[in-house]
1. Report the paramagnetic label zone for residue 539: residues of the stretch 495-509 whose backbone N is under 18 Å from a point 7 Å from Cα along the Cα-to-Cβ axis.
2. In degrees, nearest 10, range 0 to 90: what is the angle between the Cα axis of helix 320-335 and the longest Cα principal axis of the chain?
3. Calculated FRET efficiency, residue 392 and residue 150, Cβ-Cβ r, R0 56 Å, to nearest 0.05?
4. Return the whole-Å distance between the Cα centroid of the stretch 69-124 and the Cα centroid of the stretch 239-307.
5. I want to check the label-to-label distance for residue 71 and residue 577. Put each point 7 Å from Cα in the C-beta direction and report it in nm to one decimal.
6. Would you mind checking the tilt of helix 255-270 against the longest principal axis of the Cα atoms of the chain, expressed as 0 to 90 degrees and rounded to 10?
7. Extension gain residue 53-residue 287, at 0.36 nm per residue separation less the Cα-Cα distance, in nm?
8. Taking 0.36 nm per residue of sequence separation and subtracting the Cα-Cα distance, how much length would be gained by fully extending the chain between residue 221 and residue 360, in nm to one decimal?
């Protein structure tokens, strides 16, 4: 009998947050045993999440219904002994974590992250799989990128890589479809929200068409956008022909938050080319049991973070000032983290498994995000190419050429030196300086690139002379608590710690609103000493702090007053309302 795997999903206790899984395995009857495994991480979200912790009540039966011996042999592996011709494995999965990466089930709906729902037979990720979904009694709809092969909700995946990349939304979500350049797009809105279908259709269509221009061709004939609407929600996760987004249910009627949502759509849609297909070698085929290390996330996520807002600008949703403000956020985010002096964009990529998704009170002192720093390198590349080619080429041309060369023609990932070589061949521009900068924490002069197209990066806080403790405070049950201490700040040097309760400064009681801090800092000058009364682990002590000037940045990007006509022309190309 040919090897095959079929799943059936049902919901006997959705109110308790469970999905019941039947895994029917055929063709392994001659084996002494088989090992079935659950992935420990989700592609696109680089953290070992240990999905198997949510698995319960795993049992196995033969084709006569008799029990078969099973043994758990590792955190995510179950050994099934002497499998029969038709082996049925059953287990339940608990899902009650709200995120785009993890399953969430209640009596109103089920969002199933496939890596945390389906198991695979070791060494058989290439097997086809079918999934039958039994709807809970009050549900009526399934939304997924999987191919539907039967009206009774049976879906097909040609292999487990595609199954694991196809999340499933089940419930009563509001759905509608529209065509963009011959490609069917479907939106699924989960939860109450104040969206306008016609407006979303029109605006998403603009985004898709603008991105199609960049890449030249769209790899899908169907694409699904699922949005989870919460009181407060944000974030997204890309998939091969779908994306899962999280948004605030009130965001659609507010201009700023609505444009942020459109930028999120642009970001995740960009990924259907840039990471799902054009990718570093290390990002596919995947090892679902271990970390998949790469230094290339500054290219994949960083470039995408540059393009998301740029696409919104090209579509006309952002005016020039709005776009430049958004771009300046990346510079402010990086330069206001002391960790930018220690960690490069490439190192941030490599360490994402232990740092990006596991921040602590000291993270800002030791690390940056490859999203922001990668976007900074991307704009430098774009501007240098535009200026060096008199506006005839830009970063768009590199991405399109790389997609065609590495994915469409060679059907493989790339090494970064290969990507650089192709970029220089396509543009005729030496770009090694910026690629090298991704591997060092030493700063580069971004105005060297902004000035080429008639813009400049300005630190509006540079001439301000105000003192700073270098701490971030928060409230805990009415107490004022230190949440972060900046490296080499006045507080750092004096020994103030995260977790200290702030009681008084220079004999004045500290209120939660922090006004007394603002008063003393505004009246102080460099090297003044303030005495701060704290409680640390229930013990009272006073710490003397010598004040030093704040080193916080406040960047903006503006047109260069002395720009030549040619620089202004190039700047207009950079921020044009249509891609060139």
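1. Within reach of a label on residue 539, which here means backbone N under 18 Å from a point 7 Å along Cα→Cβ, the stretch 495-509 contributes 495-503.
2. Tilt relative to the chain: about 90 degrees.
3. Calculated value: 0.60.
4. 26 Å
5. The answer from the label model is 7.0 nm.
6. Relative to the chain, helix 255-270 is tipped by roughly 50 degrees.
7. Here the segment from residue 53 to residue 287 would lengthen by 82.4 nm.
8. Value of the extension gain: 45.8 nm.
Rule-based calculations on the coordinates, nothing more; no lab input. Because the structure is a prediction, the values reported are computed rather than measured. With ideal geometry, Cβ positions are generated from the backbone for all residues, glycine too; neighbour counts draw on all protein chains shown.
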